[in-house]
Amino acid sequence: MNAVFEKDLQVKGYIDQVIDPTVDITEEIKRLKKEKNAVILAHYYQESNIQDVADYIGDSLGLSQQAAKTDADVIVFAGVHFMAETAKILSPEKKVLLPDLKAGCSLSDSCPPHLFAKFKEKYPDHLVITYVNCTAELKALSDIVCTSTNAVQIVNSLPKDQKIIFGPDKNLGKYIIKQTGKDMVLWNGACMVHEIFSRERITKLREEYPNAKFIAHPECEEHILNQADYIGSTSGLLKYTIEDEADTYIVATESGILYQMEKASPSKRFIPAPPDNACSCNDCPYMKLNTLEKLYNCMYYDLPEVSLDEELIRQARKPIERMLEISAKYGL
Ligand code: 13P
Ligand code: SF4
C-alpha cells in the first residue's frame, strides 16, 4: 500500500485526497461502479446524497441478504464497520470497502468480546443470540445472530425451555422478552443514539400534534417504547409510514431514515423525536462519518478495505447463516 495512504488510514481512517473541484462526484461514482463491477449498499442512516447513489438501501437484515447474493466483485458498504464485516463474512471472496474505517458503533463497543466470553462461561447451558450490531469476534462466540427485523421470530423459533443469553443491546433484549414471554439473560449494552430520547419532550410534542403517530426503533429505552403506536426496525418503520393512514409521525430513531419516509410519502409530515438535550438532531456520529467525498475516494483508490482472518470468518459465518435460514423460513 502507498505509504501516504497507509498513514492516512491509520490516523484518519479514510483516504484524504483532494478531489478535482470540476469533477461531478455523483457521475464519477456511477462510472466507477461500472468500471469496477461494484455495488453500493447503503443503510437508511446514511446521508441522503449517499442513499441517492446506492444500488440498494436497507436495514441490517436486507443489507446482509444483499451482500450474500450479489455477483459484484466489489461491495462498497455505506454503513458502519460491523455491517461491512458482516458483508465480508458472507462474501469473503469479494473486496469490501468502507468509506471510513472509523465508522464504528457505540452498541458494538459496549460489548468487548473478551468480557463477553467470560460472561458466557457463567451460563454454560445457555444458547447465545447476538444482535448483528457487534464485532465479528462476538459473532464467532454466538449460536445465532439476529437483527431488529427478525429477533422476535428467531427467539420464538427455539424450544420453549431453551435458556438464552442475549447481547449486546439490553433495550432490544427487554423488548424481545416482552414480545415472546421468554426470559433471557441480558448483556448490559446500548446504543447512544437510541438512548437520548426524552419522554417529557415527546409527550409535549404529541400534545402539539394530537393526530401524529409516535413510532420507535426497539433499540430505544422501555419508557420510550411504552409510548409508541408502532415499534419496528428501520425498514419496518418505513413500511408502517407508507401503509398507515396518519399524516404526521414522530420518529424515534436516527434521523437518516426520514429521507426515505419523506420520499415515499411526500404529503406526510415526519418529525424527529426530541432528545433530552438542547440539540435537535438524532444523528449517529459513526454513520455520519461517511461522506460522498470519502465514498468517491474509497472507490477510486480501492481503500480502505475491510479484511478479516479466515478462521474468524469461518466461525462468525455459522450464526449469521443460521439467522438467514430462520429469516427465510418466516419470509423475512
Ligand atoms: P436496523 O436498520 O436493522 O433496524 O438497525 C438499526 C441500527 O441501529 C443500525 O445500526
Ligand atoms: Fe451503532 Fe446506534 Fe449508530 Fe446504529 S445508530 S450504528 S446502533 S451507534
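The values are calculated or read from the model by the stated rules, or taken from the named source; none is laboratory data. These figures come from a predicted structure and were not determined experimentally. Using ideal geometry, Cβ is built from the backbone for each residue, glycine included, and neighbour counts are taken over all protein chains shown.
I'm trying to understand the selection: among the residues of segment 278-322, which are among the charged types (D, E, K, R), under 13 Å from Ala78 (Cα atoms) and within 16 Å of ligand 2 (Cβ to nearest atom)?
Of segment 278-322, the ones among the charged types (D, E, K, R) are 283, 288, 293-294, 302, 305, 309-311, 314, 317-318, 321-322.
Next, only the ones that are under 13 Å from Ala78 (Cα atoms) stay: 288, 293-294, 305.
Lys288, the sole residue that qualifies.
Any residue at all in segment 299-318 that is modelled with pLDDT of 95 or more, among the small types (Gly, Ala, Ser) and either over 21 Å from the mean Cα position of the chain (by Cα) or in a loop (DSSP other than H, G, I, E, B) (or both)?
Yes, there is a match, as at least one residue in segment 299-318 is modelled with pLDDT of 95 or more, among the small types (Gly, Ala, Ser) and either over 21 Å from the mean Cα position of the chain (by Cα) or in a loop (DSSP other than H, G, I, E, B) (or both).
Step by step: first the residues of segment 233-274, then only those that are within 14 Å of ligand 1 (Cβ to nearest atom) and touching a Leu at 6+ places or on another chain (Cβ under 9 Å), then the one that is farthest from Tyr286 (Cα to Cα). Which residue is that?
The qualifying residue farthest from Tyr286 (Cα to Cα) is Met261.
Filter the helices (runs of 4 or more DSSP H) completely within segment 53-156 down to those with at least 1 residues that are within 11 Å of ligand 1 (Cβ to nearest atom) and among the aliphatic types (A, V, I, L, M).
Details: elements: 60-69, 81-90, 106-109, 113-121, 136-140, 151-156.
Result: 60-69, 81-90, 106-109, 151-156.
Take segment 211-238 and flag every residue that is out of contact with any Lys or Arg (no Cβ under 9 Å at 6 or more places or on another chain) and closer than 16 Å to His43 by Cβ.
His217, Glu219, Ser233, Thr234, Ser235, Gly236, Leu237, Leu238
Of all residues in segment 3-30, how many are under 26 Å from the mean Cα position of the chain (by Cα), closer than 11 Å to Leu295 by Cβ and not in a loop (DSSP other than H, G, I, E, B)? Working first, answer last.
Keep residues of segment 3-30 that are under 26 Å from the mean Cα position of the chain (by Cα), which gives 8-16, 25-26, 29-30.
Those still in the list that are closer than 11 Å to Leu295 by Cβ too: 14-15, 25-26, 29.
Now restrict to residues that are not in a loop (DSSP other than H, G, I, E, B): 25-26, 29.
Qualifying residue count for the region: 3.
Can you tell me how many residues in segment 171-217 are in a loop (DSSP other than H, G, I, E, B), within 16 Å of ligand 1 (Cβ to nearest atom) and among the small types (Gly, Ala, Ser)?
1
Which of the residues that make up segment 31-46 are away from ligand 1 (no atom under 15 Å from the Cβ) and under 12 Å from Leu295 (Cβ atoms)?
Restricting attention to segment 31-46, the residues satisfying the condition of being away from ligand 1 (no atom under 15 Å from the Cβ) are 31-40.
Selection gives Leu32, Lys33, Ala38, Ile40.
Of all residues in segment 279-288, which are crowded, with 20+ Cβ neighbours inside 10 Å and at pLDDT 95 or above?
Step one: list which residues in segment 279-288 are crowded, with 20+ Cβ neighbours inside 10 Å, which gives 282, 284, 286-287.
Of everything in segment 279-288, those that are crowded, with 20+ Cβ neighbours inside 10 Å and at pLDDT 95 or above turn out to be Cys284, Tyr286, Met287.
In contact with a Ser or Thr (Cβ under 8 Å, 6 or more places away or on another chain) and either buried (at least 22 other Cβ atoms within 10 Å of the Cβ) or not basic (Lys, Arg) (or both): which single residue out of Asn171, Asn211 fits that description?
Working: Asn171 fails: in contact with a Ser or Thr (Cβ under 8 Å, 6 or more places away or on another chain).
Only one candidate qualifies: Asn211.
Restricting attention to segment 313-328, does a residue exist that is among the charged types (D, E, K, R), farther than 26 Å from Leu98 by Cβ, more than 16 Å from ligand 1 (Cβ to nearest atom) and surrounded by fewer than 17 Cβ atoms within 10 Å (Cβ to Cβ)? Talk me through it step by step, then tell me what you get.
Initial filter on segment 313-328 (among the charged types (D, E, K, R)): 314, 317-318, 321-322, 325.
Now narrow it down to the ones that are farther than 26 Å from Leu98 by Cβ: 325.
Cutting the leftovers down to more than 16 Å from ligand 1 (Cβ to nearest atom) gives us 325.
Pick out the ones that are also surrounded by fewer than 17 Cβ atoms within 10 Å (Cβ to Cβ) and you get 325.
Yes, because at least one residue in segment 313-328 is among the charged types (D, E, K, R), farther than 26 Å from Leu98 by Cβ, more than 16 Å from ligand 1 (Cβ to nearest atom) and surrounded by fewer than 17 Cβ atoms within 10 Å (Cβ to Cβ).
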